[in-house]
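Each remark here refers to the structure printed beneath this line.
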Amino acid sequence: MSSGLWSLDFPIELQEAIIDLLARQDGKTLSKESREALRNFSLVSPRWLARSRKWLFDKFDVIVYGGAESRPRWKTTRLIGLLQSPHSRIAPYIQSITIHGPDMHYQHTGLTQGTPEQYVDFNGVLKAVLPHLCHVNALGFILVTWSILSDHVKNQILSMSQVTSLSWKYIPQSTFSDVFALTCKTWGTRLQSLDVDWIYSEAKAAPVPLLTVDLPHLHTLRVGARLDRAPGYALLSLESFRMMPSLRVLAIRTFEEDTLLLLRRTRYLGPNLLHFEMHIPVFWSCDISDKNFPFPVNLHYNPNLITLRFSQPVCLGRHAWFVNKMVGTSSSPILFVHIIVSARSTQRELEACDPSELDNGLISADACRRRILHVHPDSTPSPWYKAMIHKLLPNLSRHGYLVVHR
C-alpha cells in the first residue's frame, strides 16, 4: 500500500481508527504480529508514529531495580540512559512504574532489610529516574523500606499528582504504618485501585491505622490477609468499606484456613460488589473433600455480582462441590464463574475426575438465572485439553454455558 493512497482521500480520523482496530483485535494484549505491524506503522509519518506508540506502550510498566546483586540492575542502567538521552521521546508513554527496592525476602526467614550502602545507591537511581516519570498513573512498591529513602526521593514520589493505582508488596509493617495514611492522604481523592499484600508484622511495629480519609473513586481493592498481619483486617472492615463508596471489585488472598472467615465481609459491600476474586489456601494446602468444612461466604448479599473468580488451580474432582456451593449462594441473575484447571494434568488424571456435581449444579432450574463457567489453563494446554473439559462437563457444554480458554 503506497503512502500516496493514504494521502488522497482518507481522513486522519479513519486512518487512526484502522490503527486502533488492529491494536484492539487481539483483546487485552497485543500479539507478536500486531506489535510488528504497529512498529512498521510508526515509520509512516509523525501522526502514525504517535498513534502507534499509544498502543505499543499502552501497558508499558517500568521496573526500577535497586540494591541486591541478584537483581537485573543492568536493565535499570539502560533505562536511565534511555530517559536521559536528548533524543528520547519514550517517557510520556510510560504510565506505570514499580519500585523494586533493596530488601530481600526469604521463604523461611521473612524479610531482610537492605544495607545502608544499597539504599544510598538505590536513592541515587530513583533521583535519576523519577523526574522523568512524574506523570505516571500507576505506582508500585516491592521490598522497599520507606523510612530509609531520602527525603528528596520521598518528596519526588509524593509529588506524582497523577497516581490513580497504588500497590504495596513485601513491605515491613513499620514502613506500611508510616506511609499508608500519608499516601492515602496524598492520592486519596484520585485513587482508583489499591493493592496491599505481603505486609510483614514486627514485634515493635505500630498498629496499622484504619482508613482516616475517604477514597471516593476507589473501585478496585486487592488485599492479602493473614492472622498476624493487621492490614488485611483493617482494610476489610466495615468502617473502611464505608470510606470506599465506589468499590466494585474485591480480591482477597487468604493464607490460613482461619482467615477464610474474612471472605464473609463481602456482605458489607452489598449490591455494590460486581466482581469478586479469591485466592484461598484450601485448594493447595488442605483436602476439603470433607463437606462438613465450615463454609466461609454467602454471596446472597451481593445480588449484582457479575464475576466470581478463583485464582488458584481447582481440582475438578475434589473441589467441584466447593465451587458449586459458593455459586449456589449467589442470587445474581447472571454470573460468570472463572476457574483454573491445571494444564499440567495428564489426560488420564483428568479422566479420573468426577465433576458431575459442578456440571449439574451450575444449571439452575430458574430460567432467569444463568451461570457461565469459564475454564482457564495455568499454562499452554495440550491439543486435547479443550475437548477433555467439554467431555467432563457435558451438561454445561450442551447448554452453551461452558467456555474453555486456551
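The values are calculated or read from the model by the stated rules, or taken from the named source; none is laboratory data. All values reported here derive from a predicted model rather than from experimental measurement. Glycine also receives a Cβ, built like all others from the backbone with ideal geometry; neighbour counts cover every protein chain displayed. For accessibility, only protein heavy atoms count, side chains too; no ligands or nucleic acids. Shrake-Rupley method; radii C 1.70, N 1.55, O 1.52, S 1.80 Å.
Given 166, 111, which one is out of contact with any helix residue (DSSP H, G or I) (no Cβ under 8 Å at 6 or more places or on another chain) and in a strand (DSSP E or B)?
Only one candidate passes the filter, namely 111.
Using the structure shown, decide if residue 248 is open to solvent by 50 Å² or more (accessible area, probe 1.4 Å), closer than 19 Å to residue 336 by Cα, in contact with a helix residue (DSSP H, G or I) (Cβ under 8 Å, 6 or more places away or on another chain) and modelled with pLDDT of 80 or more.
Spelling it out, residue 248 is indeed open to solvent by 50 Å² or more (accessible area, probe 1.4 Å), closer than 19 Å to residue 336 by Cα, in contact with a helix residue (DSSP H, G or I) (Cβ under 8 Å, 6 or more places away or on another chain) and modelled with pLDDT of 80 or more.
For residues in region 189-231 being in contact with a Pro (Cβ under 7 Å, 6 or more places away or on another chain) and among the hydroxyl-bearing types (Ser, Thr, Tyr), which is modelled with the lowest pLDDT?
Looking at residues that are in contact with a Pro (Cβ under 7 Å, 6 or more places away or on another chain) and among the hydroxyl-bearing types (Ser, Thr, Tyr), I get 200.
Suppose the filter is buried (at least 20 other Cβ atoms within 10 Å of the Cβ) and over 25 Å from residue 217 (Cα atoms); does residue 86 pass it?
No.
For region 116-161, give me the residue count where each residue is in contact (Cβ under 8 Å) with a residue 12 or more places away in the chain and among the basic types (Lys, Arg).
Of the residues in region 116-161, 1 are in contact (Cβ under 8 Å) with a residue 12 or more places away in the chain and among the basic types (Lys, Arg).
Can you pull out the residues in region 119-128 that are surrounded by fewer than 20 Cβ atoms within 10 Å (Cβ to Cβ) and not charged (D, E, K, R)?
Once the filter is applied, which keeps residues that are surrounded by fewer than 20 Cβ atoms within 10 Å (Cβ to Cβ) and not charged (D, E, K, R), region 119-128 yields 120, 123, 124, 128.
Per-residue answers, yes or no, for (1) assigned to a loop (DSSP other than H, G, I, E, B); (2) surrounded by fewer than 21 Cβ atoms within 10 Å (Cβ to Cβ); (3) not polar (S, T, N, Q):
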| residue | (1), (2), (3) |
| --- | --- |
| 117 | no, yes, yes |
| 131 | no, yes, yes |
| 135 | yes, yes, yes |
| 147 | no, yes, no |
| 154 | no, yes, yes |
| 176 | no, no, yes |
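Look at region 290-313 and say how many of its residues are modelled with pLDDT of 90 or more, open to solvent by less than 20 Å² (accessible area, probe 1.4 Å) and over 13 Å from residue 277 (Cα atoms).
Total meeting the criteria: 1.
Inside region 357-397, can you point out the residues that are open to solvent by 60 Å² or more (accessible area, probe 1.4 Å), more than 29 Å from the chain's Cα centre (by Cα) and closer than 19 Å to residue 335 by Cβ?
Those that are open to solvent by 60 Å² or more (accessible area, probe 1.4 Å), more than 29 Å from the chain's Cα centre (by Cα) and closer than 19 Å to residue 335 by Cβ: 357, 360, 365, 366, 367, 368.
Is one or more of the residues making up region 314-331 open to solvent by 40 Å² or more (accessible area, probe 1.4 Å) and either in contact (Cβ under 8 Å) with a residue 60 or more places away in the chain or in contact with a strand residue (DSSP E or B) (Cβ under 8 Å, 6 or more places away or on another chain) (or both)?
So far as region 314-331 goes, no, none of its residues is open to solvent by 40 Å² or more (accessible area, probe 1.4 Å) and either in contact (Cβ under 8 Å) with a residue 60 or more places away in the chain or in contact with a strand residue (DSSP E or B) (Cβ under 8 Å, 6 or more places away or on another chain) (or both).
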